[in-house]
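Here's the structure, in C-alpha cells; my notes come after.
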Amino acid sequence: TWQLGDFAQAAIDHVRQLVGDRRVICGLSGGVDSSVVAALLYKAIGPQLSCILIDNGLLRKDEQAMVIREFGDHFKTDLHVVDAEEQFMATLEGISEPQEKRRRIGYAFIDCFKAEATKIKDAHFLAQGTLYPDVIESGADPDGPAATIKLHHNVGGLPDELGFELIEPLRDLFKDEVRQLGLELGLPESLVWRHPFPGPGLAVRCLGEVTREKLQVLREADSIVVEEIINAGLYRETSQSFAVLLPVQSVGVMGDARTYDNAIAIRSVKTDDFMTADWSRLPYDLLARMSTRIINEVAGINRVCYDISSKPPATIEWE
Ligand code: XMP
C-alpha cells in the first residue's frame, strides 16, 4: 500500500461525509478526469461505487481492456462494461457530416448510459469529472467552445431525468492538481499523463462515413503513432499525438503491383489550453519510422502525410 497525500485524504474525507451510506454511479472513459473521480470515490466509499464504461466501438486499440485492467483489477470496483458497438455503428451508418456524427454519438451515449444506470437499483448520486476551468468557462459562455467540447462528457440533463444528485468532486481543481491527486490515489503515471481523447472518439478521426473496416485501419495506424512517440520519449512533450484516416485514395507501388489505397495523416500538437496549438516539430527520423511502419504494417494504407497546421486557423482534430 502507499501513503496517501494530504490532498487526497482531504478529498476522501469530504466525499465520505457527503455521500454517507448512499450509492454513486460514475461513468468511466479511460481519460484522466473520470479515472481520478472513480479512484477518489473508490477510496472513499468502496463498494458503494458503481462504474459504467460505454464501449462505443470508437475507442483506441486495446482501450477497453486497459480500463478494465486499471479499474476492475486495480480497484476491484463494481464495473459495468456496456458493449454498444452495434448501436453506435447503426446510428452512424451513411452519416458523413462531422457535427451530425457528433450529435448522433452524443445521443447514443446518453441512451446507453441511461439504460445501464437504470439497472443499478439503489443509486443516489451521479459523479462527474467537472474541473474548475469547466465551471468558469461554461458559466461564462454556455455556447462557447468549452461547452461544446464538454457536451459529450457531461451527460447534461441526465441527473435530473434519472432523479440522481450530481456530485463533482474535482470542481475546485485545475488539471495539474487532478493529476497530482490521481498519483496520490495510486493511479499509474501512464494513465495520469494520458493525452486527452475526444468523447466522439475515433469517429472524428475517421473522416467521412465511419465503418468498422475503416476504424480497424485507423486503430492500427494510431497505435503505431503513439507507440513511436512513447519510444522516442516525446509523449509528455506533446499534448496530443494521433493518426487520422483520410478519405482519399492515391496510387502507389508495392513490389510489381500498383496500389490504390488510403492515406493516413499524422497529427501531433503542443498546447497549454487546447484553444491554440502549435504543430510538434517531430524529428524526421521519428516521422520516417512512423511512415515506414504504417505503410508496411497496416493493410490499405500506401501513403502517410504529416499535418503542419497550427490552431488557429486549423483545429487540433480534423472534424
Ligand atoms: P479542436 O479540434 O476543436 O479540439 O481544436 C480541441 C480539443 O478538444 C477535443 N475535442 C473534443 N472533445 N468532444 C470532446 O470530448 C468533442 O466533440 C471534441 N472535439 C474536439 C480535442 O481532442 C482537443 O483536445
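Side notes on the structure shown:
- Counting only DSSP beta bridges with both residues in the chain, the antiparallel share comes to about 40 percent.
- DSSP beta bridges in the range 211-306 [antiparallel fraction, %, rounded to 5]: 75
- Residue exposure sequence - Phe174, Phe164, Phe274, Phe88 - by fewest surrounding Cβ within 10 Å: Phe174, Phe274, Phe164, Phe88
- Solution diffusion estimate, µm²/s, Stokes-Einstein, the range 13-105, Kirkwood Rh from C-alpha pairs, 20 °C, viscosity 1.002 mPa s: 147
- Note on Glu93 and Thr118: their simple-model spin labels are 2.3 nm apart, each label 7 Å out from Cα toward Cβ.
- Enclosed volume per residue, in Å³, of the convex hull spanned by Cα atoms of the range 211-306: 106
- Per-pair calculated FRET efficiency, R0 = 45 Å: Glu85 and Lys175 via Cβ, rounded to 0.05: 0.90
- At an R0 of 30 angstrom, the distance between the Cβ atoms of Ala299 and Ile230 translates into a FRET efficiency of 0.80.
- Compactness of the range 1-44 is given as radius of gyration and Dmax, 11.0, 27 Å, from Cα positions.
- Amide H within-cut-off set for Leu173, under 5 Å, with H built and near neighbours excluded: Tyr132
- Expected 222 nm ellipticity per residue - DSSP helices of 4 or more, -39500 (n - 2.57), all of the chain, to 500: -12500 deg cm²/dmol
- Taking the range 211-306 and dividing mean pair separation by its residue count, relative contact order in percent (alpha carbons under 8 Å, at least six apart): 29
- Rg over Rh for the range 180-267 works out to 1.09, using Cα positions for both radii and the Kirkwood form for Rh.
- Of the chymotrypsin sites (Phe, Trp or Tyr not before Pro) found in the range 1-57, those that fall in a DSSP loop while having at most 12 other beta-carbon atoms within 10 Å are Trp2.
- Semi-axes of the equivalent ellipsoid for the chain, Cα gyration tensor, largest first, Å: 35, 22, 18
- Coupling constants for the range 282-299 follow from the phi torsions by the Karplus curve (6.51 cos²θ - 1.76 cosθ + 1.60, θ = phi - 60°), and in residue order they are 5, x, 4, 4, 5, 4, 5, 4, 4, 4, 4, 5, 4, 5, 6, 9, 10, 5 Hz; glycine and proline get x.
- Centre-to-centre separation between the Cα atoms of the range 1-74 and those of the range 164-196: 10 Å.
- Converting the Cα gyration tensor eigenvalues of the range 6-192 into ellipsoid dimensions via √(5λ) gives semi-axes, longest first, of 26, 19, 17 Å.
- Site pair Thr259 and Lys76 shows an inter-label distance of 4.9 nm when each label is modelled 7 Å from Cα along Cα→Cβ.
- The amide H of His80, built 1.01 Å from its N in the peptide plane, has Cys51, Ile52, Leu53 as neighbours under 5 Å, considering only residues 5 or more places off or on other chains.
- With θ taken as phi - 60° and the Karplus curve 6.51 cos²θ - 1.76 cosθ + 1.60 applied, the whole-hertz 3J(HN,Hα) list for the range 265-276 is 9, 8, 10, 9, 10, 10, 7, 9, 10, 6, 8, 10 Hz, x standing for glycine and proline.
- The phi torsions of the range 60-65, fed into the Karplus equation with coefficients 6.51, -1.76 and 1.60 and a -60° offset, translate into couplings of 7, 4, 6, 5, 4, 4 Hz, rounded to whole numbers, with Gly and Pro shown as x.
Read the figures in this text as sums done on the coordinates, not as results from a lab. Quantities reported herein were computed from a predicted structural model and do not represent experimental measurements. No Cβ is skipped: glycine too gets one built from the backbone with ideal geometry, and neighbour counts run over all protein chains shown.
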